Amino acid sequence: MNYIKNLNGLRAIAVISVLLYHFDFHVVTGGFVGVDVFLVISGFLITLILMREKTIEKGIFVFWKRRLYRLLPAMIAVVFSTLLVGFALFSPDLFTAVAKSSIASILFYSNIYNWSVIDYFAADTVTMPLLHFWSLALEMQFYICWSLLFFSIKGLDIKKKHIILIIIFLTSLVLSVLYSTEEMGAYYLLPSRLFEFTIGSFCAFFVLYKKTMVSNALFIAAFIGLMLIFFTYSQSISYPGYAAVLPCALTALIILTLDTNAANIVLGNRFMNYTGKISYSLYLVHWPVYVYLYYISQGSVDTTDKIKALVLVFILSALLYTFIEAKFLNKKPISTVQNMVFSLGFIATILLSVTILITDGMSWRLNEGRERVSVDVSADLNRQRSVCKYKEVLGYQICFFGDTSNLGMVDIVFMGDSHAWHLLSGLDNVFTSLGIKGAKINQAGGTLPSVVGDTYTSKGPKPQTRKYFPLLTELKPKAVILSARWGLYANSMGTYGTKVSYQRINGKFENSSKSKESFKYAMSNTLEYINNLSIPIVVIGQIPEYGSPPESCLNKPKYFANYGLGCSGNTIDINDEFSKTERDFFNSKLDIIYVDLFKERCSLLACDYTDDGGRLIYKDGDHIDFDGGIYIAESIIEPAIESFLIKIGVL
């Protein structure tokens with residue numbers, strides 16, 4: 001009995017780590033490893049079940065049926081509830097995305113769906129309330145594959161079974177290592193995750209044939225090791241790959257030492273046991289609650305809000321467990337009424353999702369007479385690209401803009417990430433009207449324009465901007481303009497609250513707690529490098545960000561419509577904090593011209609997201625569109641640097 005209680009305690013540890021990570025308590029940087037703990041536990045329990053004589057006698061279809069009844073009822077309740085809340089809150093575009101995800105969730109292919117459309121660690125996942133269902137799809141896929149395997153090898157002796165498991169383990173691990181640095185498929189898909197389940201399966205064989213290991217010291221060492229991983233791992237590492245082996249191995253050691261007194265003390269108390277019992281419900285409920293809280297508050301979620309939300313998650317999870325999940329856990333056959341409710345819930349969820357899709361996200365929910373706002377990001381990007389006239393310089397294709405009558409001649413070099421790109425249309429207009437020759441050198445996609453340091457994301461190192469700096473010697477500009485999403489690098493996260501970027505300085509990893517120092521170090525070196533070339537510098541500050549794409553706010557259904565100030569009013573504090581390091585740093589540099597876009601676009605009450613005519617200028621939560629770039633350049637940047645351009649002899 002203690003063994004089961006302690007196993008629940010291990011589940012509690014796993015789910016608490018996931019909750020703290022997803023609720024963005026920054027200290028638990030490796031909380032995503034809690035999912036791996038669950039996978040090892042599943043491999044352990046499912047293997048035990050499949051090795052029972054009763055399971056073999058009843059057949060594989062009975063096993064599959066029991067697994068469906070274990071997962072689906074609570075899933076359906078959460079998915080259906082999520083759709084109902086989305087009906088009231090979400091824009092048609094976001095609601096359509098939830099409907100697609102809901103179908104993928106209850107049909108157990110959401111890991112494949114997510115892999116095809118999103119990055120698990122990306123910022124925009126805070127508008128995807130069913131994102132976390134990918135791991136449940138992974139579980140069901142494992143149940144099917146593992147049961148097929150065990151039913152097919154049931155006649156083999158134990159040694160041959162072990163050999164098969166070892167081959168599966170090694171093959172999966174190799175796949176995980178090969179692809180963990182290149183694509184999210186390694187994170188989402190079963191082939192590269194199967195080795196984690198297999199580690200749990202090895203535990204099952206050990207427990208069946210050699211019982212458990214009674215070693216308090218081993219349990220304590222494994223438990224401390226797992227806790228350290230929760231606090232030291234981060235999304236910057238290539239994962240799963242080799243990095244997942246250690247937490248899985250430590251989980252296995254904990255499973256094998258659950259009979260110890262130390263395990264009883266740490267994991268066997270009443271709170272841990274109950275939290276473990278409702279861990280599945282907690283996992284289902286927590287992310288939709290956080291997503292909707294984040295959406296309603298426009299990204300302004302403080303620690304108090306998070307704690308209140310966690311309390312709500314525990315209450316809802318306890319209700320879900322008591323009235324739905326537990327009803328399908330008993331050993332008795334499923335009743336006719338239960339079957340009927342289960343079937344109706346499944347059908348209703350599918351029908352509601354399909355209805356949402358065929359009605360364009362139920363767009364009739366928008367306020368009558370209000371035109372729906374939409375942004376074609378692809379078309380806007382093509383307009384930006386049309387600005388450039390390319391010419392090769394030192395092996396690089398350089399974008400020349402403005403006055404291109406003498407292609408290759410340069411007055412001003414414009415450098416930065418995607419936040420330089422979205423201003424290109426505006427600078428092109430300004431430079432063309434003033435007869436200024438410009439050259440754009442930028443690496444979009446979350447890369448700091450710096451002569452030192454590496455930018456790391458969930459997919460590994462980004463292509464380095466520093467390789468472009470020698471072009472300054474070749475192009476010999478009269479000035480350099482730098483523009484970037486500065487707050488991303490100074491905070492190692494976007495205003496969405498999702499950590500997406502880290503820095504390595506001189507080969508040393510700097511996590512988010514040291515990101516401000518990394519940013520200052522990198523940019524100090526960059527400004528010094530350019531100054532040593534005797535080239536004047538203009539820095540354009542970051543445009544204010546929003547907790548969700550502005551068009552989603554403008555397209556809110558009439559029940560919760562919140563236009564004008566309401567769409568952006570509570571983003572002022574988070575943008576102020578997000579841009580503080582940038583503003584303090586660049587304002588302290590007396591030898592540069594700094595254009596503070598936060599100061600220009602935000603008042604005491606709100607940050608603005610439209611032009612003077614009231615037109616939305618954003619194409620997503622932190623990028624402005626082609627016409628927005630023209631508006632910002634002509635109304636803010638040109639007046640701010642006009643005297644500077646005269647001083648350096650460009651005008």
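Summary of values
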{"read-out": "Any helices (runs of 4 or more DSSP H) falling wholly within the stretch 267-359 and containing at least 1 residues that are under 30 Å from ASP93 (Cα atoms) and of a type in the set (Val, Ile, Thr)", "value": "279-296, 303-320, 336-358"}
{"read-out": "Enumeration of residues in the stretch 612-623 that are more than 14 Å from GLY487 (Cβ to Cβ) and crowded, with 17+ Cβ neighbours inside 10 Å", "value": "LEU616, ILE617, TYR618, LYS619, ASP620"}
{"read-out": "Complete set of residues in the stretch 624-641 that are surrounded by fewer than 23 Cβ atoms within 10 Å (Cβ to Cβ) and part of a loop (DSSP other than H, G, I, E, B)", "value": "none"}
{"read-out": "Leading residue by the ranking (farthest from VAL40 (Cα to Cα)) among those in the stretch 238-257 that are under 28 Å from the mean Cα position of the chain (by Cα), of a type in the set (Ser, Thr, Tyr) and not in a helix (DSSP H, G or I)", "value": "SER238"}
{"read-out": "Residues satisfying the stated conditions in the stretch 204-218, i.e. open to solvent by less than 40 Å² (accessible area, probe 1.4 Å) and either at pLDDT 95 or above or of a type in the set (A, V, I, L, M) (or both)", "value": "ALA204, VAL207"}
{"read-out": "Positions within the stretch 41-62 being open to solvent by less than 10 Å² (accessible area, probe 1.4 Å) and under 17 Å from ILE153 (Cβ atoms), in sequence order", "value": "GLY43, ILE46, THR47, LEU50"}
{"read-out": "Top-ranked residue of the stretch 240-280 - restricted to ones that are more than 30 Å from LEU173 (Cα to Cα) and small (Gly, Ala, Ser), ranked as surrounded by the fewest Cβ atoms within 10 Å (Cβ to Cβ)", "value": "ALA262"}
{"read-out": "Verdict on ASP576 being open to solvent by 20 Å² or more (accessible area, probe 1.4 Å), at pLDDT below 85 and closer than 27 Å to MET523 by Cα", "value": "yes"}
{"read-out": "Only listed residue being modelled with pLDDT of 80 or more, outside any helix (DSSP H, G or I), under 34 Å from the mean Cα position of the chain (by Cα) and not small (Gly, Ala, Ser), chosen from MET493, MET415", "value": "MET415"}
{"read-out": "Answer from SER176, SER201 - the residue that is assigned to a helix (DSSP H, G or I), in contact with a Pro (Cβ under 6 Å, 6 or more places away or on another chain), open to solvent by less than 40 Å² (accessible area, probe 1.4 Å) and of a type outside the set (Val, Ile, Thr)", "value": "SER176"}
{"read-out": "ASP611 being acidic (Asp, Glu) and more than 19 Å from ASP627 (Cα to Cα)", "value": "no"}
{"read-out": "Failed criterion for ALA123 (all others in (1) at pLDDT 95 or above; (2) within 24 Å of VAL15 (Cα to Cα) hold)", "value": "(1)"}
{"read-out": "Pairs with Cβ under 6 Å, 6+ apart, first in the stretch 624-651 and touching a residue at least 12 places away in the same chain (Cβ under 8 Å) and more than 15 Å from SER483 (Cα to Cα), second part of a helix (DSSP H, G or I) and among the acidic types (Asp, Glu)", "value": "ASP625/ASP380; PHE626/ASP380"}
{"read-out": "Residue selected from the stretch 188-236 under the condition out of contact with any Phe, Trp or Tyr (no Cβ under 9 Å at 6 or more places or on another chain) and of a type in the set (Phe, Trp, Tyr), by the criterion nearest to PHE142 (Cα to Cα)", "value": "PHE205"}
{"read-out": "Number of the exception - PHE585 against (1) over 19 Å from ASN575 (Cβ atoms); (2) assigned to a helix (DSSP H, G or I)", "value": "(1)"}
{"read-out": "Out of SER147, SER234, sole residue that is hydroxyl-bearing (Ser, Thr, Tyr) and within 25 Å of ARG67 (Cα to Cα)", "value": "SER147"}
{"read-out": "Check on PHE150, in contact with a helix residue (DSSP H, G or I) (Cβ under 9 Å, 6 or more places away or on another chain), farther than 20 Å from PRO240 by Cβ and open to solvent by less than 70 Å² (accessible area, probe 1.4 Å)", "value": "yes"}
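The values are calculated or read from the model by the stated rules, or taken from the named source; none is laboratory data. On a predicted model such as this, the values are computed, not experimentally measured, just so you know. Cβ coordinates were reconstructed from backbone atoms using ideal geometry, including for glycine residues, and neighbour counts include every protein chain displayed. Just so you know, the surface numbers come from the protein's heavy atoms only, side chains and all, with ligands and any DNA or RNA stripped out. Shrake-Rupley method; radii C 1.70, N 1.55, O 1.52, S 1.80 Å.
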